[in-house]
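K.L.:
Shown below is the structure under consideration.
The values are calculated or read from the model by the stated rules, or taken from the named source; none is laboratory data. Note that the structure is a prediction, hence the values are computed from the model and not measured. Heads up, the Cβs are rebuilt from the backbone with ideal geometry, glycines too, and the neighbour counts pull from every protein chain shown. To get the accessible areas, we keep the full protein, side chains included, count just its heavy atoms, and leave off ligands, DNA and RNA. Shrake-Rupley method; radii C 1.70, N 1.55, O 1.52, S 1.80 Å.
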Amino acid sequence: MVSRLESAAATRRALLDAARNLLTEGGPARVTLREVGARAEVSRGAPYRHFADKESLLAAVGAESWDRITAELAQIQASDSRSAVDRLRAALETLMAVARDEPEVYRMMFTMPSNDPEVAIAAAGRAQFEFLRIVGSVVGAEHAHLYGAMLLTSAHGIASMDASGHLSPQMWQTTPAAVVTALVDLVAHAS
């Protein structure tokens, strides 16, 4: 028999999955609590019991995406088979993959909710901690924050330019992956 807590967790999971799918299909405008509930096949009131409003739901989707990235970064850091530079490249590619494959989810990750920003800040902070561990293995802990910020803001710019079509191979004669590789190589050689 399923307990109330298990049922609530399953409902929340279904709501988050439905919201993520709707967000991917049509951006924030496509996401309504009513449509999320219908897509998750739960009662009309279920979304309102789990989320105060649409912004809270979208913030939860963004926070969950940060937590997925955190888990991937932890796995990358734990990898003994790759060099520190290769782990750093893989870490940036993890972020770039979300931007490329789920651009609307990626935007939510960088949208600060006005109602409850602590959840989003905490989730992004967990990812930052893992990312800085990887960066520190290349440049040293004392330089990890500076180089980490440079790398993350650069990756964000690369992802944004790629998404808008302004980083096309025809225009720049390169690819986003090649730019990330060059960026990582520059950082590795600068340290």
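K.L.:
Using a 1.4 angstrom probe, figure out how much accessible area the range 40-161 has per residue, in square angstrom, rounded to the nearest whole.
P.N.:
Result: 50 Å² per residue.
K.L.:
What does the helix-only formula give at 222 nm for the chain: each DSSP H stretch with n ≥ 4 adding -39500 (n - 2.57), the total divided by the residues, and the result rounded to the nearest 500 deg cm²/dmol?
P.N.:
-25500 deg cm²/dmol
K.L.:
While we're looking at this one, here's another question. If packing is taken as the average number of other Cβ atoms within 10 Å across a peptide's residues, how do 180-186, 75-81 rank, most packed first?
P.N.:
180-186, 75-81
K.L.:
Which of the helices in the chain, when you take each full DSSP H run, stretch at least 30 Å along the axis at their Cα atoms and have an average Kyte-Doolittle score of 1.6 or higher?
P.N.:
none
K.L.:
Quick one: compute the contact order of the chain, relative version, from alpha carbon pairs under 8 angstrom and 6+ residues apart, as a percent.
P.N.:
Here the relative contact order equals 21 percent.
K.L.:
Rounded to the nearest percent, how much of the accessible area of the chain (1.4 Å probe, protein heavy atoms only) is carbon and sulfur?
P.N.:
57
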